[in-house]
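The values are calculated or read from the model by the stated rules, or taken from the named source; none is laboratory data. All of these numbers come straight from a predicted model, not from anything done at the bench. Neighbour counts are summed over all protein chains in view; Cβ atoms, including those assigned to glycine, are modelled from backbone coordinates with ideal geometry. For the accessible areas, the whole protein counts, side chains as well, though only heavy atoms, and no ligand, DNA or RNA atoms are used. Shrake-Rupley method; radii C 1.70, N 1.55, O 1.52, S 1.80 Å.
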Amino acid sequence: MTNTMWGGRFASSPSDIMEEINASIDFDKRLWRHDIEASKAHVAMLAATGILAPSDASKIADGLDQILGEIEAGDFKFSRALEDIHLNVENRLKEIIGPVAGKLHTARSRNDQVATDFKLYVRDEIGLIEAGLAQLQLALATRALEEAATVMPGFTHLQTAQPITFGHHCLAYVEMFARDRGRFLDAAKRLNECPLGSAALAGTSFPVDRHHTAKALGFDRPTANSLDSVSDRDFALETLAAASIAAVHLSRLAEEIVLWTSPQFGFARLSDSFSTGSSIMPQKRNPDAAELVRAKTGRIAGAFQALLMVMKGLPLAYAKDMQEDKEPVFDALDALKLGISALAGMIADLEVNAKAMKKAAGSEYATATDLADWLVQNLDTPFREAHHITGTIVALAEKKGIDLKRLQLADLQGVEPGITNDVFNVLDPARSAKSRTSYGGTAPSNVRREAKRWIKRLEKDAVSR
């Protein structure tokens, strides 16, 4: 009795251990829609080129539609004994329409079949991720417009640096996520070549029309080299690389939410929708959603590294190692989509404590740079000298235990006699932020303009998507 999966070359079925290590249906069954879509395109091409009789092609297409309906309804029985999604679909097709089902596999291999299915899946996921990132950008741009004049401390080294606006801070992440969207869209362009028809590795002697299947599946063109077609997983690696960078950006924003919502900062508050409590400390209000977004970065970046290691030593063309390509991709992209949605919700949910932000913006001598700039602009002091003078004034304020704006004019003139009362105009945090009108600066006028530009662009993108 021959093995039903692999034909006459094998006389018996695999051992239980072999079946366990070899089966991929537990995870690749999520490719069912893409597998059926690619099979329908393939059988249509076989009929169009005369390789397959129209009546046979029609039976196969009808059978595939029935399988599609069964899986959608939850009535399809997936079998581990049949290894993967491809053989599960083909076996069910044979049950429905009989031996003619075997003609579906004419002029193709599981190698080009899985490469095609996987590309279709990754392309769809990129579309969902890109749209999700756009929604996150919109949430941030909307919040930026609302908080364009809300003053907060800007940090370097997590030390108070200069006053900025919360709206400006939000727009920084809008820019980050714009680059992420660009990386995903670039990856989508590069992957959009169809492997179907490359067969196992060498192409096929059947007169297939690969442009026909490529067009039917929404690809720009067929892949140009059959060896590369079945061995390429660059599209998955590039998508995971883009996902890893995006996850780092999500993690940075999540970390800021964790800091802002802590009692020590007190800059913002999350509602019950995005907070949890403690089983033992009734007063606790934990930003668990943000913390979990931060943590998932490890899974996403780890998936990229895992697939790199799978591919690093493989000779052309296909090797069974490549079965390990899907689980990390599935897991990473699921985690990324969830993180994007969670952060979009948190940004919209965030209750900003403008009073606490403004108070912090005026602490730790945050307007010292403004003082140095005033010395340059009004006394024609070289900046390095102005920097030294300002440092001396900061030391004086620190010794007195007061903010710069609470120093007396006599105190300031004791360090630099040319200082006048006008200097106090630049020592206010709100005025400091308002003065930063250079392109890309934190001034509320800049923030409003940029936020409106982004909102208009993102809403337009949503309509055209």
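Counting only residues that are open to solvent by 60 Å² or more (accessible area, probe 1.4 Å) and outside any helix (DSSP H, G or I), how many does region 210-226 have?
4
Of the residues L185, L201, L237, only one is surrounded by fewer than 23 Cβ atoms within 10 Å (Cβ to Cβ), over 13 Å from the mean Cα position of the chain (by Cα) and assigned to a helix (DSSP H, G or I); which?
L237 is the lone residue from the list that is surrounded by fewer than 23 Cβ atoms within 10 Å (Cβ to Cβ), over 13 Å from the mean Cα position of the chain (by Cα) and assigned to a helix (DSSP H, G or I).
Can you tell me which condition E385 does not meet? The list is (1) assigned to a helix (DSSP H, G or I); (2) open to solvent by less than 30 Å² (accessible area, probe 1.4 Å); (3) more than 26 Å from S251 (Cα to Cα), and all the others hold.
Tallying (1) assigned to a helix (DSSP H, G or I); (2) open to solvent by less than 30 Å² (accessible area, probe 1.4 Å); (3) more than 26 Å from S251 (Cα to Cα), E385 fails exactly one: (2).
Surrounded by fewer than 23 Cβ atoms within 10 Å (Cβ to Cβ), assigned to a helix (DSSP H, G or I) and in contact (Cβ under 8 Å) with a residue 24 or more places away in the chain, is that true of S229?
No.
Say we look at region 270-281 and pick out the residues that are crowded, with 16+ Cβ neighbours inside 10 Å and in contact (Cβ under 8 Å) with a residue 24 or more places away in the chain; which of these is farthest from L336 (Cα to Cα)?
If we take residues in region 270-281 being crowded, with 16+ Cβ neighbours inside 10 Å and in contact (Cβ under 8 Å) with a residue 24 or more places away in the chain, then L270 is farthest from L336 (Cα to Cα).
It is to be established whether one or more residues within region 321-344 are over 28 Å from R123 (Cβ atoms), of a type in the set (F, W, Y) and assigned by the TED database to the domain that holds L136.
no
Can you find a residue in region 372-386 that is closer than 30 Å to E125 by Cβ and either β-branched (V, I, T) or at pLDDT 90 or above (or both)?
no
Open to solvent by 20 Å² or more (accessible area, probe 1.4 Å), of a type in the set (D, E) and closer than 30 Å to M311 by Cβ - does that describe any residue in region 252-265?
No, region 252-265 has no match at all.
Could you check region 395-413 and list, in sequence order, the residues that are surrounded by 17 or more Cβ atoms within 10 Å (Cβ to Cβ), modelled with pLDDT of 90 or more and out of contact with any Lys or Arg (no Cβ under 9 Å at 6 or more places or on another chain)?
Correct list: L412 only.
Against the condition in a helix (DSSP H, G or I) and either in contact with a Ser or Thr (Cβ under 6 Å, 6 or more places away or on another chain) or open to solvent by less than 40 Å² (accessible area, probe 1.4 Å) (or both), how does A372 come out, does it pass?
yes
Yes or no: I419 within 30 Å of R179 (Cβ to Cβ), of a type in the set (V, I, T) and open to solvent by less than 90 Å² (accessible area, probe 1.4 Å)?
So I419 fails the test.
Listed residues T106, T156, T160; which is among the β-branched types (V, I, T), over 13 Å from the mean Cα position of the chain (by Cα) and modelled with pLDDT of 95 or more?
Only one candidate qualifies: T106.
For the condition of a type in the set (D, E), touching a Pro at 6+ places or on another chain (Cβ under 9 Å) and either outside the structural domain of M346 (by the TED database) or in a helix (DSSP H, G or I) (or both), what is the one hit in D112, D124?
Step by step, each of D112, D124 is checked, and only D112 is of a type in the set (D, E), touching a Pro at 6+ places or on another chain (Cβ under 9 Å) and either outside the structural domain of M346 (by the TED database) or in a helix (DSSP H, G or I) (or both).
Is there any pair linking a residue in region 420-441 that is basic (K, R) to one that is at pLDDT 90 or above, with Cβ under 6 Å and at least six apart or on different chains, and which?
K434/A443; R436/T442; R436/A443
So which residues in region 422-444 are open to solvent by less than 50 Å² (accessible area, probe 1.4 Å), in a loop (DSSP other than H, G, I, E, B) and in contact with a helix residue (DSSP H, G or I) (Cβ under 7 Å, 6 or more places away or on another chain), if there are any at all?
Residues satisfying the conditions are L427, D428, T442, A443.
Take the residues in region 66-95 that are closer than 13 Å to W32 by Cβ, charged (D, E, K, R) and assigned to a helix (DSSP H, G or I), then tell me which one is most open to solvent (accessible area, probe 1.4 Å).
E72
Within the group E351, E327, which residue is surrounded by fewer than 17 Cβ atoms within 10 Å (Cβ to Cβ), in contact with a strand residue (DSSP E or B) (Cβ under 7 Å, 6 or more places away or on another chain) and charged (D, E, K, R)?
None of the other options fit; the residue is E351.
Show the residue pairs that are 6+ apart or on different chains and have beta-carbon atoms under 6 Å apart, the first residue being within region 80-98 and in contact (Cβ under 8 Å) with a residue 24 or more places away in the chain, the second being open to solvent by 50 Å² or more (accessible area, probe 1.4 Å) and assigned to a helix (DSSP H, G or I).
Hits for this filter: L82/N91; I85/K29; H86/R110; I96/Q66; I97/K59.
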